[in-house]
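Read through the structure below, which is laid out as structure tokens, and then see the notes.
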Amino acid sequence: MYEEKIVLCGANSYERRFYLNPDFEALPDNVKDELKIMCVMYTEDVGGILTLVFEENGELCFEVTQEENDFFFDEIGSHLKIKELQRTKEELLEALQLYYKVFFLGEEV
């Protein structure tokens with residue numbers, strides 16, 4: 001059982017990179033593509049670094065960080081964009097949580 005946060009994926013506006021944890025390569029290509037689009041569009045819109053992580057209990061959370069002197073980072077826009085993603089991608093996010101709980105935490109459906 002996993003005892004700490006596990007990174008699913010993330011995007012970094014400073015390095016212009018997307019990262020997908022190799023443990024999740026078994027996800028369908030369309031899901032991986034949607035995650036990439038979602039994360040990259042977020043960082044293009046508001047800047048900073050967005051990371052999607054699974055908490056110990058299997059909950060999928062958005063974590064946002066920014067460089068110390070990044071005056072272009074849109075903190076208000078960040079909160080609004082995350083709320084929008086949680087609403088518009090609710091089905092995807094719930095399916096990913098279920099996938100993680102079953103295949104990584106070994107929970108019964």
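Every number here is computed from the coordinates shown, using simple stated rules; none is lab data. Just so we're clear, the structure is a prediction, and the values are computed from it rather than from any experiment. Positions of Cβ are generated from backbone atoms using ideal geometry, with glycine treated the same way; all protein chains shown enter the neighbour counts.
Could you please find all residues in the stretch 1-25 being touching a residue at least 12 places away in the same chain (Cβ under 8 Å) and either of a type in the set (Gly, Ala, Ser) or within 26 Å of Ile76 (Cβ to Cβ) (or both)? Can you show your working first?
First, pick out the residues of the stretch 1-25 that are touching a residue at least 12 places away in the same chain (Cβ under 8 Å): 1-14, 18-21, 23-24.
Once the filter is applied, which keeps residues that are touching a residue at least 12 places away in the same chain (Cβ under 8 Å) and either of a type in the set (Gly, Ala, Ser) or within 26 Å of Ile76 (Cβ to Cβ) (or both), the stretch 1-25 yields Lys5, Val7, Leu8, Cys9, Gly10, Ala11, Asn12, Ser13, Tyr14, Phe18, Tyr19.
Let's see how each residue does on (1) loosely packed, with under 13 Cβ neighbours inside 10 Å; (2) within 10 Å of the chain's Cα centre (by Cα):
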position: Asn12; (1), (2): no, no
position: Phe24; (1), (2): no, no
position: Met38; (1), (2): no, yes
position: Thr43; (1), (2): no, no
position: Glu68; (1), (2): yes, no
position: Phe71; (1), (2): yes, no
position: Ser78; (1), (2): no, no
position: Leu93; (1), (2): no, yes
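Within the stretch 95-109, can you find the residues that are surrounded by 15 or more Cβ atoms within 10 Å (Cβ to Cβ) and over 14 Å from the mean Cα position of the chain (by Cα)?
If the condition is that a residue be surrounded by 15 or more Cβ atoms within 10 Å (Cβ to Cβ) and over 14 Å from the mean Cα position of the chain (by Cα), then Tyr99, Lys101, Phe104 are the ones that fit.
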> Going through the stretch 23-66 one residue at a time, which ones are of a type in the set (A, V, I, L, M) and farther than 26 Å from Gly106 by Cβ?
Replying inline: Ile37, Met38, Val40, Met41, Val46, Ile49, Leu50, Val64
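So which of Glu44, Glu56, Glu15 is among the acidic types (Asp, Glu) and under 23 Å from Phe103 (Cβ atoms)?
Working: Glu44 fails: under 23 Å from Phe103 (Cβ atoms); Glu15 fails: under 23 Å from Phe103 (Cβ atoms).
One residue alone meets the criteria, Glu56.
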> Are there any pairs, at least 6 apart or on different chains, whose C-beta atoms fall under 9 Å, with the first in the stretch 30-55 and without any contact (Cβ under 8 Å) to a residue 12 or more places away in the chain and the second buried (at least 20 other Cβ atoms within 10 Å of the Cβ) and outside any helix (DSSP H, G or I), and if so, which?
Replying inline: Met41/Ala11
